[in-house]
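Here's the structure we're looking at; comments come further down.
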Amino acid sequence: MRYILLLLIIVPAAEIGVLLLSGRTLGIWTTITLIIITGIAGAYLAKNQGLETIRKAQRQLQYGQMPGEVILDGICILIGGTLLLTPGFITDTLGFLLLAPPTRKPFKVLLVKAFRNWIEKGNVTIIR
């Protein structure tokens, strides 16, 4: 919980700093245009990849397979799309990294470690 509080303070402060620097360097209208373009591109990519991930999960379920890897992809796509809709270049960069399949793999490893940690600590209970 303390890490989330820290992120809620540090990330917006860093975003404001980068946006101010970008406004000075590129100009205010260019910065605003880039923010709008990344938001639109992020929504488009997240929608397409999300729909493809749902199709993959449905196919795996039809064949009696558990879609574990696909669910992790879906979580990354959801987080990445949300970050891309958030104004700012730092969150946009992280969002694009989460949406790109090759760069998504390290995030999925972190997610698995986090889930295992939560389960071991008893924060998450699996019911059958």
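The values are calculated or read from the model by the stated rules, or taken from the named source; none is laboratory data. Because the structure is predicted, anything quoted here is derived from the model rather than measured. A quick note on method: Cβ atoms are made from the backbone with ideal geometry, for glycine too, and the neighbour counts reach across all protein chains shown.
Things to note:
- Scanning segment 11-25 for residues that are surrounded by 11 or more Cβ atoms within 10 Å (Cβ to Cβ) and under 22 Å from the mean Cα position of the chain (by Cα) yields VAL11, PRO12, ALA14, GLU15, ILE16, GLY17, VAL18, LEU19.
- Test: residue in segment 26-36 that is closer than 17 Å to THR82 by Cα, among the hydrophobic types (A, V, I, L, M, F, W, C) and surrounded by 12 or more Cβ atoms within 10 Å (Cβ to Cβ): yes
- Set side by side, the residues THR53, THR86 differ, and just one is closer than 24 Å to ILE35 by Cα and either among the β-branched types (Val, Ile, Thr) or touching a residue at least 40 places away in the same chain (Cβ under 8 Å) (or both), which is THR86.
- Criterion applied to LEU45, LEU51, LEU85 was being within 30 Å of ASN123 (Cβ to Cβ) and not acidic (Asp, Glu), and the one residue passing it is LEU85.
- Screening the candidates GLY80, GLY74, GLY39, GLY50 for the property of being at pLDDT below 90 and either surrounded by 12 or more Cβ atoms within 10 Å (Cβ to Cβ) or assigned to a loop (DSSP other than H, G, I, E, B) (or both) yields one hit, GLY39.
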